[in-house]
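This report refers to the structure that appears directly beneath it.
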Amino acid sequence: MDKSVAVIGGGVAGIETAAELGKLGYKVMLFERDSELGGNVRNWDRLFPSRRPAKEVVENALASLNGGISIYASTSISSIKKENGAFTIHSSDSKQFQAQAVVLTTGFELFPAEKKEEYGYGIFENIITSRELEKMFSDYGKPRMTNGKPPHRVAFIHCVGSRDEKVNRPYCSKVCCITAVKQAIEVKEAIPTAEIFCFYMDLRMFGHGYEQLYKEAQVKGVNFVRGRLSETSEAAEGRVIIKVEDTLASKPMRLTTDMVVLMVGMTPATGTDKILQSLGLKTNEDGFAPVKDVHLASTQMGVEGVFIAGACSGPNNITDSINEARSAALQVHGYLNGE
Amino acid sequence: MVDFGYGSVKTNNFDLDTAKTELASYLAANDATFNLCIACGACAATCTASKFTNFSFRNLTNQIRRGEEESSKKEAAKCMLCGKCTLVCPRNVNTRNIILLIRETVQTIHR
Amino acid sequence: MKIEGKRNIWKAYQKEIADDDYYYVRSCIRQNFFPGSETTFLRILREVLKKNVYDDQHHTTCTGIAYHCEVVPFETIMTVVGRKFALMKESGFRNFVPSCVTSFGLYTEILDTWEHHPKVEEKIHENLKLATGRNFNVPNNLAHTSDIIFKFREEIAQQAKYKLINKATGKPLKVVDHIGCHYAKMFPAKGVGGAEYPYVLAGMVESWGGEVIDYPERRHCCGFGFRQYMVNANRGYSLSASKKKFESMEPFKPDFIISNCPGCGFFFDRWQYALAEMEGKTYGEDGYGIPSLTYEEVAGLVLGFDPWEMGMQLHQVTVDPLLDKMGIAYNPDDKFKGINKEDLGRPESPKNLRFYK
């Protein structure tokens, strides 16, 4: 077949889309700005709700890529133009590629926690992001303070850079609550004497197995407090003092912790807005890529021949990203056959 | 000491660095459902005692977790042990048993 | 503590501060708490930095205290401020520099209100015209006096006679910097360094050789509160806020506190006395308390001005141990002598707060 499809972004959604299109016999160009495929999942240790190793998902996805797929790593796409029913894809190092259909799978980046100045990320010791905690698990099997010792009191802060007008991110990032619950259990199992707290505004346990994981966390002794972190300050020996309100008791509360984990939200990947602009599309009100119809055409976009999958359109989890990827591939197939 | 007509005020915040959590630990150790509460408030909504006093089982267990042990023991006396809270709890917390355990500790932990 | 993290934030909050030609408005009550701070400011600007400063004799209190006590309504205070801007216009100056942080917060609030609600500004023009026959222009630049000292901190450092170091050990003095709430908490972009990690005083301390220390309650309000402090029945609440800060900073052993708000500096000075006499507790070394200085006083000490000429004998928490620590030359016998060297007697010593050696 001489029809080619460009897939922009080599995370799990992009890999899955490419794999399905490859199986259907299309020539696929898979572009990834990083030197390796795998996207954000590469930086994760274990996945909710079953806590299986993240690299299983990445390896599984990569294994399904066949010979008809050309991988262009370290290639950043700057713009895409539609001309005479086909697409010209421009890379930032001035190369050009032609395709008959495009799938956007540029995914997300994590919210830069230093923007929440009052949380002291990058200023006080022992304040880390959820991703940095995953890396500690990969590297050491347990969290570690800057002085090398294991923490005995850990506070997870939900909604960092999500549901927050002050940093212009009013939306919910979907997966941070369940990630916090998973990580809380993991820390408790790694350091059984540790006191673990999760400070949440709401607990979004929407998926299969999530509510059960929350219950398991409670059984293991994780403390859940409904209240949002207002500020951190540094105590002696790099410990962190946090101030929250126990809203259910209507009383402010303070405690000194050894480590604070910020559940950073998802933010649109840089460069996606420029690609959208070149296609004549605007970002949606959250800054992510807009889908054609949220119920009936959630893998299609406002331009014929452009499709979308994964966290490119908004915060998403792996299960749904992979499903969208497969759906988008089928939509591309239909489009290229005149449907 | 001088009296200038005013004095410093004690903070009313919870301080988890100094909170007394002996009672909370005792309840968690003696009732496997103590930690399952999700603070939904169904118990307090149906509660008989709450119609005539400000008793709330949800609030009571939360206060205990924050170290308010003395006042909690007095609060637990308001419960009529009717069991309506145990019927409605979506997490199957054995609320009635927890009240009985709290009352027991008044006799045992602090004699 | 990773200081680079703080520096990144400081870089993000830059503020335009005028270079010269300042219209200076004094504080209504500051001369009572820290007499000499304002004349020190004028000395530094005129004699050391050779700047052009106009010290207007005709301006009045901004009535900020009354406004924050809910005694003066917003429209009235805007008209009072309009009059001050009119006086500034008549003087020919355009850069407005208030001495008080509450005033600064008030001017920022008013200018922001007028920017977003031009009809309100029109009304104030009308009010002022009817009441006094005057017209006003909004200033080209609004900066607090601590912003000015911050801007020229390096020039002051170059002419410094003393550094903020402990002469005996050679180590930098540990300094607690306290920023008035009205400086940046309402409009973080209008404060040097923003609201979370303000840099206006930290920058001065660093340039003059000291070490800024962070402590858990650094951001906490001193408790002035206006309504809370003015009424005896509420005063305990006000006092407790300062007490919380003292308790929090004590383990870090600060050598002195520097603040840019008259109320805050006053509180840190006087509340240590009140707490010592009411509860027997003192902070700082040897029961002397932690000295509370204004930034003008710190700048003056660093430049070698005589502490008694700056009015530092009137601090309730004695500054003498700090002067000795810094190795500053001063005449202890002149401390309680008047301007013409007449003997003014000696103040009674508090029972618990050490005042005399």
Residue pairs, Cβ under 7 Å, 6 or more apart or interchain, first in segment C:157-185 and not assigned by TED's automatic domain parsing to the domain that holds C:LYS325, second surrounded by fewer than 22 Cβ atoms within 10 Å (Cβ to Cβ) and in a loop (DSSP other than H, G, I, E, B). List them. none
Restricting attention to helices (runs of 4 or more DSSP H) lying wholly within segment C:235-303, give those where 2 or more residues are within 14 Å of chain B (Cβ to nearest Cβ). C:235-249, C:262-279
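Take the residues of segment B:46-64 that are among the hydrophobic types (A, V, I, L, M, F, W, C) and away from chain A (no Cβ under 14 Å): which is farthest from B:ALA19 (Cα to Cα)?
B:PHE52
Identify all residues within segment A:20-47 that are outside any loop (DSSP other than H, G, I, E, B), touching a residue at least 60 places away in the same chain (Cβ under 8 Å) and out of contact with any His (no Cβ under 9 Å at 6 or more places or on another chain); write none if there are none.
Scanning segment A:20-47 gives A:MET29, A:PHE31, A:GLY39, A:ASN40, A:VAL41, A:ASN43, A:ARG46, A:LEU47.
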What are the residues in segment C:337-357 that are farther than 28 Å from C:GLU279 by Cβ and surrounded by 10 or more Cβ atoms within 10 Å (Cβ to Cβ), if any? C:LYS337, C:LEU344
Looking only at segment C:13-61, which residues are hydroxyl-bearing (Ser, Thr, Tyr), within 16 Å of C:ASN260 (Cβ to Cβ) and in contact with a helix residue (DSSP H, G or I) (Cβ under 6 Å, 6 or more places away or on another chain)? C:SER27, C:SER37, C:THR40
Within segment A:207-266, the count of residues that are in contact (Cβ under 8 Å) with a residue 24 or more places away in the chain, out of contact with any Pro (no Cβ under 7 Å at 6 or more places or on another chain) and hydroxyl-bearing (Ser, Thr, Tyr) comes to 5
Any hit, segment B:27-44, residues being assigned to a helix (DSSP H, G or I), within 13 Å of chain A (Cβ to nearest Cβ), without any contact (Cβ under 8 Å) to a residue 12 or more places away in the chain and closer than 14 Å to B:ILE102 by Cβ: yes
Consider segment A:48-63. How many of its residues are touching a residue at least 24 places away in the same chain (Cβ under 8 Å) and out of contact with any Lys or Arg (no Cβ under 8 Å at 6 or more places or on another chain)? 4
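So if I check each of A:ALA289, A:ALA297, A:ALA269, which one is under 19 Å from A:SER313 (Cβ atoms), more than 14 Å from every other protein chain (Cβ to nearest Cβ) and without any contact (Cβ under 8 Å) to a residue 40 or more places away in the chain?
Sole residue among the options that is under 19 Å from A:SER313 (Cβ atoms), more than 14 Å from every other protein chain (Cβ to nearest Cβ) and without any contact (Cβ under 8 Å) to a residue 40 or more places away in the chain: A:ALA297.
Matching residues to (1) farther than 26 Å from A:ASN317 by Cα; (2) free of Cβ contacts under 8 Å to residues at least 24 places away in the same chain; (3) out of contact with any Ser or Thr (no Cβ under 7 Å at 6 or more places or on another chain):
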| position | (1), (2), (3) |
| --- | --- |
| A:TYR72 | no, no, yes |
| A:THR88 | yes, yes, yes |
| A:VAL102 | no, no, yes |
| A:GLY107 | no, no, yes |
| A:THR129 | no, no, yes |
| A:ASP139 | no, yes, yes |
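Select, from C:ALA160, C:ALA195, the only residue that is part of a loop (DSSP other than H, G, I, E, B) and buried (at least 20 other Cβ atoms within 10 Å of the Cβ).
Details: C:ALA160 fails: buried (at least 20 other Cβ atoms within 10 Å of the Cβ).
Selected residue: C:ALA195, the only one of C:ALA160, C:ALA195 that is part of a loop (DSSP other than H, G, I, E, B) and buried (at least 20 other Cβ atoms within 10 Å of the Cβ).
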Condition (residue is at pLDDT below 95 and assigned to a helix (DSSP H, G or I)) applied to segment C:43-57: is it met by at least one residue? no
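The values are calculated or read from the model by the stated rules, or taken from the named source; none is laboratory data. Please read all numbers here as calculations on a predicted model, not as lab measurements. Methodologically, a virtual Cβ is constructed for each residue, glycine included, from the backbone with ideal geometry; neighbour enumeration extends over all protein chains shown.
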